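Let me begin by presenting the structure, written as structure tokens, before commenting on it.
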Amino acid sequence: MDDLRRNARITSFDVAERAGVSQSTVSRALSGSSVISEATRQKVMNAAQAMGYYVDERAARLRRGHTGTLAVVVICKPGGRARDVNPFSYALLGGICAAAADQGLEVLVSLQADEDKLFGHYVERGQAEGMIVIGTTANRPAWDYFSDVGRAAAKAGGQASAPVAFWGSPLGDLDRVLSDNETGARSAADHLIDQGAKNLVCIGSLGSPQRQFAERAQVFLNRAKERGVPAELIEIEPADARRDQGRIAAKKLFAAHPECDGVFAVCDALAFGVIEELHSAGVRIPDDLRLVGFDGIPASEMTSPPLTTIEPDLDLAGRMLVEAVAGGMGEGEDHPKVQRVPVKLVKRASS
């Protein structure tokens, strides 16, 4: 019989025939039902193994009303490609996938950018049990769209929160997970000052759609003031990439603050551009100027010199986002729930 079935799709009915039991007994035995004796369960398992039969977990979940899948949308800049996505988003995506796997969930990933091609109705169409949204905050139409999807799902489900969670967000009324920006920015200021920096500059923004930038910049400036060290802000200018914004800001730094000996860039991608421009200008890091970034993306280890950075726990961030969706992050609350991911300073040669 094995030879006859070698090229056929084995079903639970085939296993039942071989084990000498009913198909319903096979289903119960393979699902771990307590009504099946251990002897019968073992007989079914032996038959299934001999025939190369495996339970279709996805089909089983669908029959139980669950997909076992989470959708993750990575918002990109309009017209952008996969290579243009901020490396931090990919690092965070890795944390999400690892956390989902730990819970036995699969992840459906979609990179979306153009306003007329946005799609977020994975839950309504039965493709996923929840959705996580990450990516650039520069694409406001996409954020508006996905926030509307979340609100509509919540209203349809009669609950205070839809199975949707966001990392960061340019909007203030969403359930979201983000870095502990206050602790991180204070650590960056303290580190630069403790290393001997006496004239600080923050490269960031108080008005960027990336609301986390404003948090980091303001806390850094306040902490420097508390410690009696002068600190100025260089606002980033619009550019195609954070690295380009960092280069532009570094040029402004030379002109406006030649005395600067310590810089905090509110994200690593900005710091990469700063490093390139400093090298071009012959500024030695850290001898002439110390530099700290924020995000802890893997590429920060490979700059020259390696970048000191504020690193959020991305494994925990992924777990918090997955649990936020699986557990109804703001369920029963009238206001959005915000969770903060712990951060730590990772000292490298740039400071």
Can you work out which of the residues in the stretch 200-222 that are of a type outside the set (S, T, N, Q) and out of contact with any strand residue (DSSP E or B) (no Cβ under 8 Å at 6 or more places or on another chain) is least open to solvent (accessible area, probe 1.4 Å)?
Val219
Selection count where residues are among the small types (Gly, Ala, Ser) and either assigned to a helix (DSSP H, G or I) or without any contact (Cβ under 8 Å) to a residue 24 or more places away in the chain (or both), scope the stretch 168-194:
5
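Yes or no, residue by residue, for (1) of a type in the set (Phe, Trp, Tyr); (2) touching a strand residue (DSSP E or B) at 6+ places or on another chain (Cβ under 9 Å):
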{"residue": "Glu226", "(1), (2)": "no, no"}
{"residue": "Ile236", "(1), (2)": "no, yes"}
{"residue": "Glu259", "(1), (2)": "no, no"}
{"residue": "Val263", "(1), (2)": "no, yes"}
{"residue": "Val274", "(1), (2)": "no, yes"}
{"residue": "Leu278", "(1), (2)": "no, yes"}
{"residue": "Phe294", "(1), (2)": "yes, yes"}
{"residue": "Ala299", "(1), (2)": "no, no"}
{"residue": "Ser304", "(1), (2)": "no, no"}
Could you tell me whether any residue of the stretch 5-14 is at pLDDT 85 or above, outside any loop (DSSP other than H, G, I, E, B) and not basic (Lys, Arg)?
yes
Number of positions in the stretch 111-133 that are open to solvent by less than 20 Å² (accessible area, probe 1.4 Å), more than 30 Å from Gly273 (Cα to Cα) and of a type in the set (A, V, I, L, M)
2
Would you be able to tell me the number of residues in the stretch 204-222 that are of a type in the set (Gly, Ala, Ser) and part of a helix (DSSP H, G or I)?
2
Please name all residue pairs, on different chains or six or more residues apart, with Cβ atoms under 9 Å, provided the first residue is in the stretch 68-93 and is part of a strand (DSSP E or B) and the second residue is open to solvent by 10 Å² or more (accessible area, probe 1.4 Å) and among the acidic types (Asp, Glu).
Thr69/Glu106; Thr69/Glu129; Leu70/Glu106; Leu70/Glu129; Ala71/Glu129
Check whether at least one residue in the stretch 133-150 is in contact with a His (Cβ under 7 Å, 6 or more places away or on another chain) and either of a type outside the set (S, T, N, Q) or not in a loop (DSSP other than H, G, I, E, B) (or both), and report yes or no.
yes
Aliphatic (A, V, I, L, M) and buried (at least 19 other Cβ atoms within 10 Å of the Cβ): is that true of Leu108 in this structure?
no
Going by what's in this entry, would Ala197 be described as open to solvent by less than 50 Å² (accessible area, probe 1.4 Å) and under 23 Å from the mean Cα position of the chain (by Cα)?
no
Pairs under 7 Å by beta carbon, first residue among the polar types (S, T, N, Q) in the stretch 124-136, partner in a loop (DSSP other than H, G, I, E, B), six or more apart or different chains?
Gln127/Thr67; Thr136/Cys76; Thr136/Lys77; Thr136/Asn86
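The values are calculated or read from the model by the stated rules, or taken from the named source; none is laboratory data. Here the structure is a predicted model, which means the values were calculated and not measured. As a convention, Cβ positions derive from the backbone with ideal geometry for all residues, glycine included, and neighbour counts pool all protein chains shown. We work out accessible area using only protein heavy atoms, side chains counted, and drop any ligands, DNA or RNA first. Shrake-Rupley method; radii C 1.70, N 1.55, O 1.52, S 1.80 Å.
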